[in-house]
Amino acid sequence: MQKKSATQPLPIVKSNASSQTARAALTLREMLVQGRFRPGERIREVPLAAELNVSRIPLHLALERLAHEGFLEIRPTRGFVVQHFSTEDIYDAIELRGLLEGAAARLAAERYKHVSELASLQAASVEIVTLIRRAKLTMETFNRYIDLNAQFHGALLDLSRSRMLRRAIQGACSLPFASPSAFLKRQYITSDTRELYLISADQHCGIVDAIQNREGMRAEVLTREHARVARRNLEDALRNSEHPQDLAGAKLVQL
């Protein structure tokens, strides 16, 4: 009994270390996307550990996690160095997300048990169409659109019932500009932008219809095409000389 008691604190220590790692990774990711570190800058672990009030080992594990996500590069002589991203990197990340979400849509069509499970997906889709078809599009409208879009993509992933896809998509979406909502918050609204939102809303409806009718391949193709709206949104921003520094991750990207 005494031997068992002596080993009881170990899980607590592991739990604390794990908690510190998770907290450090979350804080560091936010610092990176907000431009706290410059592309090419070396991360100095000792002062950073003191600033974040975490131990060196949990911090190192957090840095390794962010390197795995693509935010940092591990160099033999310099340790962890902040990555920079090109326009092509953004396009590739969007393409990867489209592939993964397409697979999620196909699995959703194959795996849902009852049509009632599609309620959240359908509700978000209907409200998005209602918002976008309004005569005047305001920033309040687009803030609501962002929430509904996140709801739609979250519900799609839930319907896939795939833990592996969830992990992969979360990894892909952590990169700058790769998430479904990355290019929704714009400084102004052009005629091309409005057309993109109408296309996106129509694609939402098509994806829901394909899933409901258990047309897995159609759902996958529509979802992959839907991800390309983010690419077209970026291209529209560049054409109109809009430098999206207000968007998460912009300071890590060389546009």
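The values are calculated or read from the model by the stated rules, or taken from the named source; none is laboratory data. Predicted, not measured: the structure shown is a model, and the values here were computed from it. Note that we place each Cβ from the backbone using ideal geometry, even for glycine, and neighbour counts take in every protein chain shown. These accessible areas exclude ligands, DNA and RNA; they are computed on the full protein's heavy atoms, side chains included. Shrake-Rupley method; radii C 1.70, N 1.55, O 1.52, S 1.80 Å.
Some points to look at:
- Residue that is nearest to I90 (Cα to Cα), among those in region 45-79 that are touching an Asp or Glu at 6+ places or on another chain (Cβ under 9 Å) and assigned to a helix (DSSP H, G or I): A67
- When residues of region 172-223 are limited to those that are modelled with pLDDT under 80, part of a helix (DSSP H, G or I) and out of contact with any Leu (no Cβ under 8 Å at 6 or more places or on another chain), the one farthest from L96 (Cα to Cα): S191
- Of everything in region 116-137 that is of a type in the set (V, I, T) and open to solvent by less than 50 Å² (accessible area, probe 1.4 Å), the residue that is farthest from Q203 (Cα to Cα) is I132.
- Taken together, the residues in region 84-110 that are outside any helix (DSSP H, G or I) and surrounded by fewer than 21 Cβ atoms within 10 Å (Cβ to Cβ) amount to 2.
- Among (1) over 18 Å from A150 (Cα atoms); (2) open to solvent by 70 Å² or more (accessible area, probe 1.4 Å), the one test that G79 misses: (2)
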